[in-house]
């Protein structure tokens, strides 16, 4: 399986669950929606720590594209019902494509651990990308382990972010100034 991962903390419970059931998998980092670049780098570094903790391979694709997403927002919002659906579409498309082209049997995403995400929207998007690329989407509802995963992340010293990652959620975050000051 190719497991798309949005960050280290959200990967903890899915990794424990999947590896505990004997699943063979690689982690996949593709999150050009995460902004600003220092946040993108910090989340990637913490995902590397999580991968190391579990002894799994991490495939890193893409880069931070903050300006691109800010410029294309209005255009994409005409196509998608929300900016979140835009991000799900982009990330699930690349994950399914990569999985299909590189011999994986299936793909999944750690986005399914968060009670704050549009769970059904993620599933619909992933299923459409599975069909598009001729690969299986392996559905797992990881939400019951969200708090456990956050505690596991705390135990190994992972950074736990205060917003979903996109430039729009940062602008709306109550912690915006604190986040930006942490990198000055």
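The values are calculated or read from the model by the stated rules, or taken from the named source; none is laboratory data. Keep in mind that this is a model prediction, so the values were computed, not measured. Cβ atoms come from the backbone with ideal geometry, glycine included; neighbour counts cover every protein chain shown.
Considering every residue within the range 51-66, establish whether at least one is at pLDDT 95 or above, buried (at least 24 other Cβ atoms within 10 Å of the Cβ) and not in a strand (DSSP E or B).
No: the range 51-66 contains no residue that is at pLDDT 95 or above, buried (at least 24 other Cβ atoms within 10 Å of the Cβ) and not in a strand (DSSP E or B).
Please note which helices (runs of 4 or more DSSP H) are completely contained in the range 94-184 and include at least 1 residues that are over 25 Å from residue 41 (Cα atoms) and modelled with pLDDT of 90 or more.
Result: 119-133.
Go through the range 7-50 and count every residue that is touching a helix residue (DSSP H, G or I) at 6+ places or on another chain (Cβ under 8 Å), surrounded by fewer than 18 Cβ atoms within 10 Å (Cβ to Cβ) and modelled with pLDDT under 95.
The total comes to 2.
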